[in-house]
Amino acid sequence: MHLFDTTTNLVELRLRELGFQFNPFEYLEASGDARLGEYLIGHETFAGAWAETPTCVFAPAGGGKTAMHVYTTRACWVGVGGLHPFPIPYLLTAYPFEHAPPTLESHLRNLVRSGAIALLIGLAFRPERLLGLAPTDQQMLATFLANTLPGPLPRYLAILRQANTPFVLPPLLHRAYVLPNPPSALILMRLCDVLEAAMTDEPVVPPAPAAGFEQLVDLLFRVLGFRSILLLVDGADAFPETSDDPVAITEWLMPMFAQAQRWAMRKIYLKGFLPLETEPVLNERIPNFAAETTRARLQWTPPMLAELIRKRVYVASGGEFDSLDAISSPDLRDVEALLAASVALLPRELLILVRRVFQEYVHRTPDATGYLEPIDIDNALAWYRRHPGSTYHHS
């Protein structure tokens, strides 16, 4: 076992001994954190992501783009009531591409699958959307899911039945698509029974990309009665061809942006979560981009970053405490503010530093649980200053 593996395991153990139910600082990449939605904090830019208009949210790497698309997904389902938008998170890194840059057909094929995944997870958490439909509509919906999900629909229904909870689906399909207030096991079983009964014996035939997209739109609007559709596009900068290349990123996205206004007229709103460097390229390459697209920049302050850590501490401790002060010696106070004032103003940078604090802590106390001490903070800060830039902060 590598030294880093040993340290990571010891950090997990120490956090549990200190009162944490899980490690809220484990994931530097937000899309891998199934609990992300539980500890998101408010940000004024969220209003732009939520608005029913084509939108681009710009932020540097590690600046919270993926967290914002997760927040937008949850906001569509939580606390709105009645008719609300249907969110489709489209994480480009979840799909292989035959062509670089991708064609519109490739994007549509992936959007259909992303929509089917969002639909199955959404129905598992909100079964009433399906249970109130006419049998013919239930059959249309079951057929669409059977033809477009990445795996067999009966397999997902069997997994739901065995687990008796919708929380089993996100790790299989989209880790961050997790909603609060799940249904009772009885209602979830009714959903499985209805979907299974609505399935036909016809062979699975994936639709052509454009036809599948139209089927998805028809189901969401006419059958399920959603008010609008939000296409949440993320991860465009995570490919070898696009990394650190805003022109390449723009080329990968152009087929969808060319449809943005046409989609908006149908209440289908494209939402791009993009690196800052792509904004001038989009302005140059897309006619009327500035006039027809709502743009927002995701910017953080030290108090906001400190609150981000406090929220994670509160959730991970089961609400027992909301600050690292609770596990620190009397010589440390307002630990979150101290750390937030010491990093580049990006959520990932602060998570990297907090992770390092706990690594320094277990190095100092390998055999016993104790308080965080100033030396843990000092050593972590010294390491952070020796390793500038997120690229080097993954160890």
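The values are calculated or read from the model by the stated rules, or taken from the named source; none is laboratory data. Source: prediction; values computed, not measured. Quick reminder, even Gly has a Cβ in these numbers, built from the backbone with ideal geometry, and neighbours come from all protein chains shown.
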Mind checking whether some residue in segment 382-391 is closer than 13 Å to Pro24 by Cβ and either loosely packed, with under 15 Cβ neighbours inside 10 Å or not hydrophobic (A, V, I, L, M, F, W, C) (or both)?
-> no
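State which residue is surrounded by the fewest Cβ atoms within 10 Å (Cβ to Cβ) when the search covers only segment 205-253 and only residues that are polar (S, T, N, Q) and closer than 19 Å to Leu104 by Cβ.
Gln215
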Any idea which of Ala146, Ala158 is modelled with pLDDT of 95 or more, surrounded by fewer than 16 Cβ atoms within 10 Å (Cβ to Cβ) and of a type in the set (A, V, I, L, M, F, W, C)?
-> Ala158
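From the list Glu202, Glu241, exactly one residue is more than 30 Å from Pro154 (Cα to Cα) and either of a type in the set (Asp, Glu) or under 20 Å from the mean Cα position of the chain (by Cα) (or both). Which is it?
Glu241
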Taking only segment 115-150 into account, find how many residues are without any contact (Cβ under 8 Å) to a residue 40 or more places away in the chain and in contact with a Leu (Cβ under 8 Å, 6 or more places away or on another chain).
-> 2
Kindly establish whether Gly132 is surrounded by fewer than 16 Cβ atoms within 10 Å (Cβ to Cβ) and at pLDDT below 95.
-> yes
Single residue of segment 59-96 satisfying the filter (part of a loop (DSSP other than H, G, I, E, B) and without any contact (Cβ under 8 Å) to a residue 40 or more places away in the chain) that is farthest from Gly225 (Cα to Cα) = Pro96
Is segment 25-37 home to any residue that is crowded, with 16+ Cβ neighbours inside 10 Å, assigned to a loop (DSSP other than H, G, I, E, B), in contact with a Ser or Thr (Cβ under 7 Å, 6 or more places away or on another chain) and at pLDDT 90 or above?
-> no
